[in-house]
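Here the structure comes first, spelled out in structure tokens, and everything after it is commentary.
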Amino acid sequence: MALNNRRKSTVSPVIALVFQGGIGVVGLLAILILGIPVQISGDGILPSVLYGVLGALCTYAGLLLLTQIPGLFPNNLARQMRGLHRFASGYSWFVLFLLSVFAGVGEELLFRGALQGWLTVHTNTTTAVLAASVLFGLVHYASFTYFVVAAGLGLVLGLAYAITDSILLVMVWHGVYDLVALFCLLRFPEWFGISVRSKD
């Protein structure tokens with residue numbers, strides 16, 4: 001899909017990729033230095049990948065359905081979506097793919113692998129999942145509504161990791177979710193109340 005109105009983003013692709021990759025490095029270092037036990041693939045690689053893709057598609061579809069309920073999400077979410085659209089439309093699909101992969105791998109290493117894993121060892125699973133989800137939401141804070149959506153996604157991913165013992169599953173889930181969200185936002189901006197003027 002080609003977008004006629006592609007603008008150059010204010011953040012270079014290299015900086016965006018290094019930032020997302022750096023999150024994964026921090027998570028991996030925390031896991032290694034602190035000796036946090038991380039479950040790689042639960043019941044296997046193929047089920048982790050398949051359930052990760054299925055989970056991402058179902059989660060995104062569920063969120064889209066929730067946005068159709070009048071008054072559930074305030075207008076500031078629409079404003080955030082416009083900002084995200086401006087940000088994402090400045091990158092090629094290759095860069096967006098890489099950002100989605102890096103976010104899935106890096107953020108899940110940090111939040112589910114390192115943080116939730118460490119908290120599970122030192123507290124309990126419920127506290128670990130809830131705390132990691134809230135911190136995930138805070139890191140993605142752009143508005144209170146966006147925080148709630150991100151924390152909700154963090155809760156879903158945290159529960160999936162706790163239930164399946166598969167960091168691979170939540171990495172795939174997160175990365176595919178981000179890629180689908182970016183695709184829908186750029187391909188169907190009208191779903192989010194965004195009008196795009198083509199340069200003709």
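Every listed requirement among (1) modelled with pLDDT of 95 or more; (2) in contact with a Lys or Arg (Cβ under 8 Å, 6 or more places away or on another chain) is met by Leu50 save one, (2). Of all residues in region 36-53, those that are of a type in the set (S, T, N, Q) have Cβ atoms under 7 Å from Cβ atoms of residues that are part of a helix (DSSP H, G or I), 6 or more apart or on another chain, in Gln39/Ile167; Ser41/Ser48; Ser41/Leu168; Ser48/Leu168; Ser48/Leu169; Ser48/Val172. Please verify whether Asp178 is at positive phi and out of contact with any strand residue (DSSP E or B) (no Cβ under 7 Å at 6 or more places or on another chain), treating the condition exactly as stated. The answer is no for Asp178.
Picking from residues in region 93-130 that are under 17 Å from Gly52 (Cα atoms) and among the aliphatic types (A, V, I, L, M), the one that is farthest from the chain's Cα centre (by Cα) is Leu109. Please determine, by comparing only the residues of region 1-20 that are surrounded by 12 or more Cβ atoms within 10 Å (Cβ to Cβ), among the small types (Gly, Ala, Ser) and not in a helix (DSSP H, G or I), which one is modelled with the highest pLDDT. Looking at residues that are surrounded by 12 or more Cβ atoms within 10 Å (Cβ to Cβ), among the small types (Gly, Ala, Ser) and not in a helix (DSSP H, G or I), I get Ser12. When region 142-154 is filtered for residues that are at pLDDT 90 or above and either within 17 Å of Val105 (Cα to Cα) or hydroxyl-bearing (Ser, Thr, Tyr) (or both), the ones remaining, listed by number, are Ala150, Leu153, Gly154.
Listed by first and then second residue, the pairs linking a residue in region 61-80 that is more than 13 Å from Ala142 (Cα to Cα) to a residue that is among the small types (Gly, Ala, Ser) and at pLDDT 85 or above, with Cβ atoms under 8 Å apart and 6 or more places separating them unless they lie on different chains, form an empty list.
Just a yes or no: is a residue in region 101-108 of a type in the set (Val, Ile, Thr) and not in a helix (DSSP H, G or I)? Scanning region 101-108, I find no residue that is of a type in the set (Val, Ile, Thr) and not in a helix (DSSP H, G or I), so the answer is no. Once region 114-129 is narrowed to residues that are more than 23 Å from Val25 (Cβ to Cβ) and in contact (Cβ under 8 Å) with a residue 12 or more places away in the chain, the residue that is surrounded by the most Cβ atoms within 10 Å (Cβ to Cβ) is Val129. For region 130-154, filtering for residues that are of a type in the set (Ser, Thr, Tyr) and either closer than 23 Å to Ile40 by Cβ or surrounded by fewer than 17 Cβ atoms within 10 Å (Cβ to Cβ) (or both) leaves 3. With the structure loaded, tell me whether Ile23 is in contact with an Asp or Glu (Cβ under 9 Å, 6 or more places away or on another chain), in a helix (DSSP H, G or I) and crowded, with 17+ Cβ neighbours inside 10 Å or whether it fails that test. Yes; evaluated as a whole, the condition is true for this residue. Checking each residue in region 155-188 for being buried (at least 18 other Cβ atoms within 10 Å of the Cβ) and closer than 17 Å to Arg79 by Cα picks out Ala181, Leu182, Leu185, Leu186.
The values are calculated or read from the model by the stated rules, or taken from the named source; none is laboratory data. Worth saying up front: this structure is predicted, and the values here are computed from it rather than measured. Every residue, glycine among them, receives a Cβ derived from its backbone with ideal geometry; neighbour counts consider all protein chains shown.
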